[in-house]
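Below is one structure; the comments refer to it alone.
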Protein chains: 2
Amino acid sequence: MRTSSVEQLILDLFAGQPVETAHFTAQEIYLQLKPQLPAVNPSTIYRALERMTRSGKISISDMGKGAAVFEIVGKERHHHLVCETCHQVITLSDDTIRPLFDELSRQFGFEMTTNHLVLFGHCPACRRKK
Amino acid sequence: MRTSSVEQLILDLFAGQPVETAHFTAQEIYLQLKPQLPAVNPSTIYRALERMTRSGKISISDMGKGAAVFEIVGKERHHHLVCETCHQVITLSDDTIRPLFDELSRQFGFEMTTNHLVLFGHCPACRRKK
DNA sequence: TGACATAATGCAAATCTTTGCGTCTGCAAT
DNA sequence: ATTGCAGACGCAAAGATTTGCATTATGTCA
Ligand SMILES: [Zn+2]
Ligand SMILES: [Zn+2]
Ligand SMILES: [Zn+2]
Ligand SMILES: [Zn+2]
């Protein structure tokens, strides 16, 4: 797998950003790359994102933004709770989720690849307001 | 919230199908409704699905089909493991997941609304083949 | 270096999905 | 029954994403 110039630029986009909060949609990535690659074709970005997801460099998730978001895969896994009312995003340490994944692996002989879980609900503040 | 004719037809689509395996994309639903509603506009279907998801009649998930799938919300929650290689779908009883959700609710005061979790990985058979 | 195989890209068309806006329909108060 | 309102719908345009195919770039091997 050759590391294309576009892939490198996408990685650069994420670099320097805090891993847990840098969630970009394909469009956002496309628009952020426009200045450096004025002539780049959207399909090139979409294909690069697909490749990078497949090879585990980035992850793809639905965080309720209406479009899938991509995130760099770091050393430490993390997950999120997203409030459907105020859209607040809470980050969960992997310790919260690992026991479940381990148990599923054990029970079903299933090797988990999901590495960024996003769970929806209502945060304490929004629950009180109702 | 009035129950529109389109909503009723969508519910009919799911009725009679086993809850845990009837996962349809918006397109599939649109095409299945075509015979009964030859003149229906795609946007009407998309909007109905959005309403029904918001009101909790159906759920929306990514099951790796390339497009979101909708499923009727039944009495009993369930979840899935999806093999990324052979696309096999394993159904999990809610008992497997409920403890995690309960713990998150307790710990963060968060009321979970996610009711159909889909986790990706590699099934035992595909792991052996590698 | 030169030829070849493979991967990446551009481009255009096809799809899929969303959105704005005007119209239509069902329900309820009068 | 008539009116008024809100929700549902059609339609067309915009926007987002995917796909097929031709072209270009890169790495490998002789
Ligand atoms: Zn994250
Ligand atoms: Zn909230
Ligand atoms: Zn299901
Ligand atoms: Zn498999």
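Side notes on the structure shown:
- Of all residues making up the range B:118-129, the number that are open to solvent by less than 30 Å² (accessible area, probe 1.4 Å) and part of a helix (DSSP H, G or I): 1
- Test: residue in the range B:22-34 that is in contact (Cβ under 8 Å) with a residue 12 or more places away in the chain and within 16 Å of ligand 4 (Cβ to nearest atom): no
- If the condition is being surrounded by 12 or more Cβ atoms within 10 Å (Cβ to Cβ), assigned to a helix (DSSP H, G or I) and of a type in the set (Ser, Thr, Tyr), then the range B:1-58 contributes B:Ser5, B:Tyr30, B:Thr44, B:Tyr46, B:Thr53.
- All of (1) in a helix (DSSP H, G or I); (2) touching a Leu at 6+ places or on another chain (Cβ under 6 Å) hold for A:Leu81 with one exception: (1).
- From the options B:Ala48, B:Ala22, B:Ala15, residue that is within 15 Å of DNA strand D (Cβ to nearest atom) and on the phi < 0 side of the Ramachandran plot: B:Ala48
- Looking across the range B:69-117 at every residue that is at the interface with chain A (Cβ under 7 Å from one of its Cβ atoms) and open to solvent by 40 Å² or more (accessible area, probe 1.4 Å), the one that is farthest from A:Ala125 (Cα to Cα) is identified as B:Glu84.
- Residue list for the range A:12-48, restricted to those being modelled with pLDDT of 95 or more and aliphatic (A, V, I, L, M): A:Ala26, A:Ile29, A:Ile45, A:Ala48
- Number of residues in the range B:107-117 that are farther than 20 Å from B:Ala68 by Cβ and in a strand (DSSP E or B) equals 1.
- Taken over the range B:63-75, the criterion of being in contact (Cβ under 8 Å) with a residue 40 or more places away in the chain and more than 11 Å from DNA strand C (Cβ to nearest atom) is satisfied by B:Met63, B:Gly64, B:Glu71, B:Ile72, B:Val73, B:Gly74.
- In summary, A:Cys86 fulfils each of the numbered conditions (1) within 15 Å of DNA strand C (Cβ to nearest atom); (2) closer than 20 Å to B:Thr53 by Cβ with the single exception of condition (1).
- Here B:Arg54 clears all of (1) within 14 Å of another protein chain (Cβ to nearest Cβ); (2) over 26 Å from A:Glu84 (Cβ atoms); (3) more than 16 Å from ligand 3 (Cβ to nearest atom) except the condition numbered (2).
The values are calculated or read from the model by the stated rules, or taken from the named source; none is laboratory data. Not measured: the values here are computed from a predicted model. Methodologically, a virtual Cβ is constructed for each residue, glycine included, from the backbone with ideal geometry; neighbour enumeration extends over all protein chains shown. Surface areas here come from the heavy atoms of the whole protein model, side chains and all, with no ligands, DNA or RNA. Shrake-Rupley method; radii C 1.70, N 1.55, O 1.52, S 1.80 Å.
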